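The structure appears right after this line, and notes come after that.
The values are calculated or read from the model by the stated rules, or taken from the named source; none is laboratory data. Given the structure is predicted, the values throughout are model-derived calculations rather than measurements. So basically every Cβ, Gly included, is an ideal-geometry build from the backbone, and we count neighbours across all protein chains shown.
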Amino acid sequence: MSRRRSRDSLKDEFAVRIRSPQSLGVLAFWFFIWAICNFNPWVGFGLFFAAGGSLGFFGGKRDTVDDLWGYDGRDDDFDDEDEDEDSRRRRQGGESEAAARARANGEALPEPEATPKLHQAVITDAKPALVRLEAAASVAEGELGARLRNMVARVKEVEMGLRQDPSKLSDVQRLFTYYLPATADLLGARGAVAGGADHARLAEIDTMIGKLDLAYTDFASRLRGHDARSLEIDMRLLDQSLDDEFAHKTKG
């Protein structure tokens, strides 16, 4: 009885192995080799054992039926049923692996990573340009140096006010995203022109820096209210006008 059962199991295994996806390629290969040899019966007899060894019938490690059909031995349906409804909902809600593991082990949940607020990101992105402006202000002299130092002070004033009241971002955002980087680039261009003889271009750049100084003052005044803003702008315009009109006297 046991022999008959053994024979039946061997027949079943043989049938399964012959029909497996891997076996089809192996049989086709050895059949091709036999065809090259003009279907010589003696060669075919030898190839029979070679093909059988390739299929795992003779010697070596015998692959299981699941191996031949590409199964990894895990029951996906069982895993899905084993997972409780709460876990499934948490995973669908985007819970991280670390949080799920901590919850399963009864540990304290890790703190979620805080997303940087928009005003903080705007300030951080403008830092390199502010560093360049500070470097230029530290070495510039005369009227140019005074303007650059005022611009640095106004940027820091706006930064402090924005950190205290992020709702003001829309009023001053362009200072950080446009004017500050543009000023840093303009100062770099001025450094290249200053070494040459193009005095007209240098004067144009200095005039533009004066306008930027007024713009920086305006941005700072936006955080202090309308009245303070108007007064600050008037004073800066008056100061610039005096410098332009009586520059030759102050220099003397």
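Taking into account only those residues within the stretch 221-252 that are outside any helix (DSSP H, G or I), farther than 17 Å from Ala153 by Cα and not aromatic (Phe, Trp, Tyr), which is modelled with the lowest pLDDT?
Gly252
Glu134: in a loop (DSSP other than H, G, I, E, B) and farther than 14 Å from Asp206 by Cα, yes or no?
Here the answer is no, as Glu134 does not meet what is asked.
Does the stretch 185-197 contain at least one residue that is in the same structural domain as Pro128 (by TED's automatic domain parsing), part of a helix (DSSP H, G or I), closer than 21 Å to Glu143 by Cβ and touching a Lys or Arg at 6+ places or on another chain (Cβ under 7 Å)?
Yes, some residue in the stretch 185-197 is in the same structural domain as Pro128 (by TED's automatic domain parsing), part of a helix (DSSP H, G or I), closer than 21 Å to Glu143 by Cβ and touching a Lys or Arg at 6+ places or on another chain (Cβ under 7 Å).
Would you point out which residue out of Asp171, Asp218 is surrounded by 14 or more Cβ atoms within 10 Å (Cβ to Cβ) and either outside any helix (DSSP H, G or I) or over 31 Å from the mean Cα position of the chain (by Cα) (or both)? Even if it seems obvious, please write down each step before you answer.
Values: Asp171 fails: either outside any helix (DSSP H, G or I) or over 31 Å from the mean Cα position of the chain (by Cα) (or both).
Testing whether each residue is surrounded by 14 or more Cβ atoms within 10 Å (Cβ to Cβ) and either outside any helix (DSSP H, G or I) or over 31 Å from the mean Cα position of the chain (by Cα) (or both) leaves just Asp218.
Are there any pairs, at least 6 apart or on different chains, whose C-beta atoms fall under 9 Å, with the first in the stretch 196-222 and within 16 Å of Gln173 (Cβ to Cβ) and the second part of a helix (DSSP H, G or I) and of a type in the set (S, T, N, Q), and if so, which?
Every condition considered, the pairs that remain are Tyr216/Asn150; Tyr216/Thr183; Ser221/Ser230.
Determine which single condition Pro181 fails, assuming it passes every other condition in (1) in contact (Cβ under 8 Å) with a residue 40 or more places away in the chain; (2) under 26 Å from Leu238 (Cβ atoms); (3) within 26 Å of the chain's Cα centre (by Cα).
With (1) in contact (Cβ under 8 Å) with a residue 40 or more places away in the chain; (2) under 26 Å from Leu238 (Cβ atoms); (3) within 26 Å of the chain's Cα centre (by Cα) applied to Pro181, the lone miss is (2).
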